[in-house]
1. Once fully extended, how much extra length lies between I161 and D198, figured as 0.36 nm per residue of separation less the alpha-carbon to alpha-carbon distance?
2. Hey, which aspartates and glutamates would be in cross-link range of K51, C-alpha to C-alpha under 13 Å, not counting anything within fewer than 8 residues on its own chain?
3. As a footprinting exposure proxy, order M118, M31, M1 by other Cβ within 10 Å, with the fewest listed first.
4. Once amide H atoms are built 1.01 Å from N in the peptide plane, which residues 5 or more positions from I202, or in another chain, come under 5 Å H to H?
5. How big, in percent, is the set of alpha carbon pairs in the stretch 143-224 lying more than 16 Å apart?
6. When the convex hull of the Cα atoms of the chain is projected onto a plane and the area is averaged over all directions, what value comes out in nm²?
7. For the residues T159, T141, what sequence is obtained by ranking on other C-beta atoms within 10 Å, fewest first?
8. Using Cα pairs closer than 8 Å and at least 6 residues apart in sequence, work out the relative contact order for the chain, in percent.
Amino acid sequence: MRKLVIQEIALACREQGCFQVVNHGIRKSVMKGALEAASEFFKLSKEHKEKFVSADVQQPIRYDMSSRDGISTARSLLKHYANPLEDWVQFWPINPPTYRKKMGDYAVEIKGVSMQLMEAIFEGLGDKVGLAFHSDYGFITILLQSSAGFEVMHHEDDTWIAVPAIPGALHVHIGDNLEVLSNGQLKSLVHRTILNPDEPRISIASIHGLSMDEKVHCAKELVDEEHPEMYKESSFQESLDLLPSNMNNYKRFVESLKIDRDE
């Protein structure tokens, strides 16, 4: 059974760049609690939320409102670090009073799921990849959503596909770092959110990435004469440095890492 699941995950990562997971082991009460905590935070007064406003994308916690990406209806977002929890929870909101407890419970459980998923994805790349599994090597985003609205772009024809909001399911998609590590075997996912002005939507995106200054490069086991190195190495810190300009020109970070073989 495990071998079959590994094969299915590998196929999804290569052809779609994403997949959904059920029976992942996270308690329904924990997922419900996290969504409730997020919803309660965004219902707070403007004064409460503005305490976390910052133009610095590297702040450990940051509140923002955005109408980018072709979306006319503004969206609110709260970003904060969560791993290891004991290092970052002190920066989290104290209102609503249950926020730290509910979101902390989810952060702990989603970390465990992410490690299992990454182990499966690395196995799917083949035994020849000699990269030991490590909790720092995330490379994926795990999305929990309260309702539909998340769309992904099909790799072959650039059409948008709506992701169904399956109760209790987690949506997993490949990030730029994993595309680099796999030397292009796996493709990071282009995605967007379509907002419904008549229905509030809450989503929690758990981004599992490298430590700030740790470099990721194409795995040497996946590079040969037929498959030359396609990307330059980079760190999470470098992606943050480029984030403000990339948001303005809608450019993906991984595009800036591609090696031009015609030069």
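Where a number appears in this text, it was derived from the coordinates with a stated rule and is not lab data. Only a predicted model underlies this, so the values are computations on that prediction, with no experimental measurement involved. All Cβ positions, even for glycine, are placed from backbone atoms using ideal geometry, and neighbour counts span all protein chains on display.
1. Working: separation 37, 0.36 × 37 = 13.32 nm, distance 2.12 nm.
The span from I161 to D198 would gain 11.2 nm if fully extended.
2. D64
3. Values: M118 20, M31 23, M1 5.
Going from least to most buried by this count: M1, M118, M31.
4. S146, S147
5. Details: 2053 of 3321 pairs.
Value for the stretch 143-224 (Cα pairs over 16 Å): 62 percent.
6. Working: hull surface 60.0 nm².
Averaging across all directions leaves 15.0 nm² for the Cα convex hull.
7. Values: T159 9, T141 20.
Arranged by neighbour count, lowest to highest, T159, T141 become T159, T141.
8. Details: 393 pairs, mean separation 54.9, N = 263.
Over the chain, the number comes to 21 percent.
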